[in-house]
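Asks: Before we start, here is the structure in question, set down as structure tokens.
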Amino acid sequence: MSELPRYILRDCTIFVDTHSKIGQASEITLPVPTEKVEELRNAGMIMPIEVKLGFEKMEAGFKLTAFDPQVIKLVGLKAGVEKAFMATGALVDEDGTVHPAVAYMRGFLKSHDPGSWKPGEVGESDHPISLRYYKLEVDGEELLEVDPFGISVGGVSQTGDIRGALLLS
């Protein structure tokens, strides 16, 4: 294994409802799956501990330097309508090896913030996404897959036994 830096993000883009935004997207924010924890100190314990209670809601987002009508028309859709978002990245090792990274997301645009318009300056619009689904792959290997009912890490369900106890599997 090389001691040179690896998996350096060299370039990325996003697809919004299957439409490529290459050359328009200036920033992509992937979701941060965060465990919901609560502090607990019961009888006989000399210190509190944090217990896991699931996950916080997931959000992602992207910024465009374009005032894109296709994207703007995705805001305010009726309840239950979800759209697909896919961020792709080229992770490159210093020895030249390229690793494709793909983040598959599904949810809805919460808003379209057109930002400030100034003559002679590039504008930037901000688009936060409320997510219902997220899957992250690098080199075709599933690292994380999260939805409101479960999480898999490395392709292995971390909540299957709980779903089984609820008679849902």
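Asks: Within region 120-146, which residues are at pLDDT 95 or above and out of contact with any Leu (no Cβ under 9 Å at 6 or more places or on another chain)?
Replies: L131, R132, Y133, G140, E141, listed by residue number.
Asks: For region 30-54, which residues satisfy the criterion of being more than 30 Å from S20 (Cβ to Cβ) and either within 23 Å of the chain's Cα centre (by Cα) or of a type in the set (S, T, Y) (or both)?
Replies: E35, K36, V37, K52, L53, G54 - these are the residues of region 30-54 that are more than 30 Å from S20 (Cβ to Cβ) and either within 23 Å of the chain's Cα centre (by Cα) or of a type in the set (S, T, Y) (or both).
Asks: Could you say whether any residue in region 101-108 is out of contact with any Gly (no Cβ under 8 Å at 6 or more places or on another chain), open to solvent by 40 Å² or more (accessible area, probe 1.4 Å), within 16 Å of T29 (Cα to Cα) and of a type outside the set (A, V, I, L, M, F, W, C)?
Replies: Yes; the residues of region 101-108 include at least one that is out of contact with any Gly (no Cβ under 8 Å at 6 or more places or on another chain), open to solvent by 40 Å² or more (accessible area, probe 1.4 Å), within 16 Å of T29 (Cα to Cα) and of a type outside the set (A, V, I, L, M, F, W, C).
Asks: Could you tell me which residue of region 67-84 is surrounded by the most Cβ atoms within 10 Å (Cβ to Cβ), considering only residues that are touching a Leu at 6+ places or on another chain (Cβ under 7 Å) and part of a strand (DSSP E or B)?
Replies: K83
Asks: In region 11-66, what count of residues is obtained for those that are among the polar types (S, T, N, Q), touching a residue at least 40 places away in the same chain (Cβ under 8 Å), open to solvent by less than 80 Å² (accessible area, probe 1.4 Å) and in a loop (DSSP other than H, G, I, E, B)?
Replies: Residues meeting the conditions: 2.
Asks: Taking the conditions exactly as written (farther than 19 Å from A101 by Cα, surrounded by fewer than 17 Cβ atoms within 10 Å (Cβ to Cβ) and in contact with a Gly (Cβ under 6 Å, 6 or more places away or on another chain)), does S130 satisfy them or not?
Replies: Taking the combined requirement at face value, the residue satisfies it.
Asks: Which strands (runs of 3 or more DSSP E) does region 98-169 wholly contain that include 3 or more residues that are closer than 20 Å to I72 by Cβ?
Replies: Counting at least 3 such residues, we get 98-109, 125-138.
Asks: Right, next: Being of a type in the set (A, V, I, L, M, F, W, C), surrounded by 15 or more Cβ atoms within 10 Å (Cβ to Cβ) and modelled with pLDDT of 95 or more narrows it down to one of V92, V98, so name that one.
Replies: V92
Asks: Related question: Search region 109-124 for residues being in contact with a Gly (Cβ under 8 Å, 6 or more places away or on another chain) and free of Cβ contacts under 8 Å to residues at least 24 places away in the same chain, and hand back the single one that is least open to solvent (accessible area, probe 1.4 Å).
Replies: G115
Asks: Further, regarding this structure: Since S125 meets every condition but one in (1) more than 20 Å from I14 (Cβ to Cβ); (2) in contact with a helix residue (DSSP H, G or I) (Cβ under 9 Å, 6 or more places away or on another chain), which condition does it not meet?
Replies: The one condition S125 does not meet is (1).
The values are calculated or read from the model by the stated rules, or taken from the named source; none is laboratory data. What you see is a predicted model; the values in this text were computed from it and never measured. Using ideal geometry, Cβ is built from the backbone for each residue, glycine included, and neighbour counts are taken over all protein chains shown. Only protein heavy atoms, including side chains, enter the accessible area calculation; ligands, DNA and RNA are left aside. Shrake-Rupley method; radii C 1.70, N 1.55, O 1.52, S 1.80 Å.
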